[in-house]
Amino acid sequence: YVFGGEKNSPYTEDDPALPLSEYGRSKLAGEKNVRERLERHLIVRTAWLYGPQGRNFVTTMLRLAREREEIRVVNDQRGSPTAVPDLAEALLGLAENILAGRALPWGTYHLAGSQDASWFDLARASVAGGADRRLVPRTPILAIPSSEYPTPAHRPAWSVLDGSRARTAFGLELAPWSRSLPRVLDRIAAFAKENS
């Protein structure tokens, strides 16, 4: 959310940051403070996090699929859905390199899922995958424009991140959401089975 959402191609680390909300401005202020105080630093930007536990978009869609006859989801905002387990593994790898004293190219990097989607795309796949695992019914997902789902904070229409710098510097490329989402849903199903 540090970007303004006006671009139609993935944002690179060098694109100008123009946050639209206080959330984005606070993230950008945090980055600035790190850069001013630490010459050697790694700032990692990510987007659209989802995982098997806690409150996130995927778990919310599964909850709504159990509670509602249909779910209305915006189809005109695109981003880089990122599985928390994938990001955690990448961050642990970076931390291990730092602790081992290996020289790293310091700076700002994008680490996000390598496939973009709309919220609607992610909702439809989450509910379908949840239904396949007998977690939820096959609740219809309806695509709507953002204008039909107003939120207090303005959200960028485009927040897809380009991860090529991290791929070049560290050999890191996070999996596309279409490959990570089934693994996350499998873990949700396993948690549900353990707790039933």
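The values are calculated or read from the model by the stated rules, or taken from the named source; none is laboratory data. None of the values given here were measured: they were computed from a predicted structure. Don't worry about glycine lacking a Cβ; one is built from the backbone with ideal geometry, like all the others, and counts go over all protein chains shown. All accessible areas refer to the heavy atoms of the entire protein, side chains included, with ligands and DNA or RNA removed. Shrake-Rupley method; radii C 1.70, N 1.55, O 1.52, S 1.80 Å.
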(request) Could you identify the single residue in ALA95, ALA123, ALA128 that is among the aliphatic types (A, V, I, L, M), under 14 Å from LEU185 (Cα atoms) and open to solvent by 30 Å² or more (accessible area, probe 1.4 Å)? (result) ALA128
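Residue by residue, here is whether (1) of a type in the set (Asp, Glu); (2) in contact with a strand residue (DSSP E or B) (Cβ under 7 Å, 6 or more places away or on another chain); (3) outside any loop (DSSP other than H, G, I, E, B) holds:
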residue: THR151; (1), (2), (3): no, no, no
residue: ALA166; (1), (2), (3): no, yes, yes
residue: VAL184; (1), (2), (3): no, yes, yes
residue: ARG187; (1), (2), (3): no, no, yes
(request) For region 55-104, name all the residues that are part of a helix (DSSP H, G or I), closer than 26 Å to PRO156 by Cβ, within 16 Å of the chain's Cα centre (by Cα) and among the charged types (D, E, K, R). (result) ASP86
(message) Take the conditions aliphatic (A, V, I, L, M) and within 16 Å of the chain's Cα centre (by Cα) and apply them to LEU122. Does it pass?
(response) yes
(request) Mind listing whichever residues of region 2-24 are among the polar types (S, T, N, Q), at pLDDT below 90 and open to solvent by less than 50 Å² (accessible area, probe 1.4 Å)? (result) SER21
(message) Condition first: closer than 15 Å to PHE57 by Cβ and open to solvent by 50 Å² or more (accessible area, probe 1.4 Å). Now tell me which residues in region 152-161 satisfy that.
(response) ARG155
(request) Return yes or no: is LEU161 under 15 Å from VAL127 (Cα atoms) and of a type in the set (A, V, I, L, M, F, W, C)? (result) no
(message) Based on this model, can you work out whether ASP186 counts as within 20 Å of LEU64 (Cα to Cα) and either surrounded by fewer than 18 Cβ atoms within 10 Å (Cβ to Cβ) or at pLDDT 95 or above (or both)?
(response) yes
(request) Scan SER147, SER126 and give me the residue that is in contact (Cβ under 8 Å) with a residue 12 or more places away in the chain, polar (S, T, N, Q) and not in a loop (DSSP other than H, G, I, E, B). (result) SER126
(message) loosely packed, with under 15 Cβ neighbours inside 10 Å and in contact with a His (Cβ under 8 Å, 6 or more places away or on another chain): is that true of GLY107 in this structure?
(response) yes
(request) Specify which of the listed residues (THR139, THR59, THR82) is touching a Leu at 6+ places or on another chain (Cβ under 7 Å), touching a residue at least 24 places away in the same chain (Cβ under 8 Å), open to solvent by less than 70 Å² (accessible area, probe 1.4 Å) and not hydrophobic (A, V, I, L, M, F, W, C). (result) THR82
